[in-house]
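Reviewing the structure listed below.
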Amino acid sequence: GTEEVISEFGWLISKCGKPFYAARTESMIVPETGWECFLGPPPAPGTVRATSWEAYMLHLCGSLKEGGNSALQRGSLEEAQDRY
């Protein structure tokens with residue numbers, strides 16, 4: 001038969017590939033409200049704030065660098081290599 005294909009778009013908050021919360025939207029901007037529970041414990045987030053990729057990467061890379069520096073100071077070369 002001819003079945004109609006329906007596509008829905010939105011945003012997910014996930015961990016380890018599992019969807020915890022989701023919000024349906026056609027927008028390319030993360031919605032602040034309208035989040036629903038999937039695998040995450042209730043209640044769903046009341047508000048979500050977006051951050052830029054640049055700010056996220058700077059935060060992530062900065063903390064990894066600090067961990068690598070700390071490992072080097074302790075003489076743990078293998079751990080430092082994993083962090084860097």
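The values are calculated or read from the model by the stated rules, or taken from the named source; none is laboratory data. Since the structure is predicted, the reported quantities are computational estimates derived from the model, not experimental observations. Every residue, glycine as well, gets a Cβ built from its backbone with ideal geometry; the counts of neighbours run over all protein chains shown. Heavy atoms of the whole protein, side chains included, go into the accessibility calculation; ligands, DNA and RNA do not. Shrake-Rupley method; radii C 1.70, N 1.55, O 1.52, S 1.80 Å.
Points worth noting:
- Helix-only mean residue ellipticity at 222 nm for the chain, each DSSP H run of n ≥ 4 adding -39500 (n - 2.57), per residue, nearest 500: -11000 deg cm²/dmol
- Spatial extent of the range 25-82: Rg and Dmax, with the Cα atoms as the point set, Å: 17.9, 50
- In the context of the full set of protein chains, residues of the chain present 86 Å² of accessible surface per residue (probe radius 1.4 Å, heavy atoms only).
- Nearest-ten-degree value, helix 53-74 long axis tilted from longest Cα axis of the chain: 30
- Radius 10 Å from Cβ of ALA23, net charge of other residues (Lys, Arg +1; Asp, Glu -1): -1
- Positive-end residue of THR33, TYR84, TYR56, charge dipole of the chain with Cβ unit charges: TYR84
- The fraction of accessible area contributed by carbon and sulfur in the chain is 56 percent, rounded to a whole number (1.4 Å probe; ligands and nucleic acids excluded).
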